[in-house]
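Since every read-out is calculated from the coordinates, none of them should be taken as a lab result. Keep in mind that what you see is a predicted model, and the values were worked out from it rather than measured. Every residue, glycine as well, gets a Cβ built from its backbone with ideal geometry; the counts of neighbours run over all protein chains shown.
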Amino acid sequence: MPLHFDKMFSKYFGVIFLIVYHDFNISVEEYENRSKKNDFPTVEQCPHCKSRVRLFRHGFYWRNAIEEKQHRIPILRLKCPSCRNTISLLPTFLLSYFQYTADVIITKLRDIIIDHNIGDYHQLVLFYRKRFLNRLNQIEMFFRDDGFKGTLPKDPKEKATKLLRMILALGKATFLRRYRGHFSYNFMAH
């Protein structure tokens, strides 16, 4: 399975923080249980300098992955021996810089946009809706490039509902994997 890259730019240092997504084909709970003993892939080419070298392990950092409960999981960092840049290996069930899993985020979007049920965590759900509404054009571009030729409503709320239904019809995991392969950032990026 190909690795997908998500570039993060630091305004302060002019450094590119690169996140590589990998599908471990396990749940968040299983990933947490395996901890540092997960089956981490070997990366044979640096996404920064494109050198054909094996990146070596450069430690872990810990982050939250929240579903029904909070999980504390290790994220592997890799370093290129050629250019000395580092990357982070993020499981595909996460979005960079979000604590809630991708599944929870899409479910919360469905709750507020399609079902009109804000539920718990009002501020968080409204934040997700605002982010999603700001990304409608990019999400539309993804579907257009994927072959969608239909018309979309002009009203942003109706357009958001239609696009979210298209995401759910495609499947959450499939959408996330293909979107990451299409753009260099996740669908909720700022």
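Listed values for the range 127-135 are Karplus-derived 3J(HN,Hα) couplings in whole Hz (6.51 cos²θ - 1.76 cosθ + 1.60, θ = phi - 60°), namely 4, 4, 4, 4, 4, 4, 4, 6, 9, and x replaces Gly and Pro.
Return the subset of Lys108/Lys159; Lys36/Lys79; Lys69/Lys162; Lys50/Lys130; Lys36/Lys130; Lys37/Lys79 for which the Cα-Cα distance in this structure is over 27 Å, preserving the input order. The answer is Lys69/Lys162; Lys50/Lys130; Lys36/Lys130. Taking 0.36 nm per residue of separation and subtracting the Cα-Cα distance, full extension of the segment from Glu44 to Thr174 would add 44.3 nm. A simple rule links phi to the HN-Hα coupling: the Karplus curve 6.51 cos²θ - 1.76 cosθ + 1.60 with θ = phi - 60°, which for the range 99-113 gives 7, 6, 5, 4, 4, 5, 4, 5, 5, 5, 5, 4, 4, 8, 7 Hz, with x for Gly and Pro.
For the chain, give the magnitude of the charge dipole about the Cα centre (Cβ charges: +1 Lys/Arg, -1 Asp/Glu; no others), in debye to the nearest 20.
Values: 32 positive and 18 negative charges, 146 e Å.
The dipole magnitude comes to about 700 debye.
Expressed in units of 2.2 N^0.38 Å, where N is the residue count, the Cα radius of gyration of the range 102-182 is 1.05.
Given R₀ = 35 Å, what would the calculated FRET efficiency be for Arg84 paired with Asn64, taking r from the Cβ atoms and rounding to 0.05? Mind dumping the intermediate values first?
Numbers: r = 29 Å, r/R0 = 0.82.
Efficiency at R0 = 35 Å is approximately 0.75.
Mean residue ellipticity at 222 nm, helices only, the chain: -10000 deg cm²/dmol; runs of at least 4 DSSP H residues each add -39,500 (n - 2.57), and the sum is divided by the number of residues. Backbone amide hydrogens, once placed in the peptide plane, bring Tyr21 within less than 5 Å of His4, Phe5, Asp6, Leu90, excluding anything fewer than 5 places away on its chain. Near the amide H of Ile66, within less than 5 Å, lie the amide hydrogens of His71, Tyr100, Thr101, all on another chain or at least 5 residues away, with H placed in the peptide plane. Compared with the direct C-alpha span, the chain from Thr151 to Asn137 gains 3.7 nm at full extension, assuming 0.36 nm per residue.
Take the Cα of Ile75, step 7 Å toward its Cβ, do the same at Arg54, and the gap between the two points is 2.5 nm. Rounded to whole numbers, the Karplus 3J(HN,Hα) couplings from phi for the range 179-189 are 5, 5, x, 8, 10, 9, 8, 7, 5, 10, 5 Hz, using 6.51 cos²θ - 1.76 cosθ + 1.60 with θ = phi - 60°, and x at Gly and Pro. Taking amide H atoms as placed 1.01 Å from N in the peptide plane, the amide H of His58 lies under 5 Å from those of Arg77, Leu78, Lys79, each 5 or more residues away in sequence or on another chain.
For the chain, the alpha-carbon coordinates run over 50, 36, 34 Å along the three principal axes, in decreasing order. Across the chain, Cα pairs under 8 Å and at least six residues apart give a relative contact order of 18 percent. Once the Cα-Cα distance is subtracted from the 0.36 nm per residue extended length, the Asp115 to Glu30 segment shows a gain of 27.5 nm.
Highest mean first, the peptides 152-160, 42-50 sorted by other C-beta atoms within 10 Å per residue fall in the order 42-50, 152-160.
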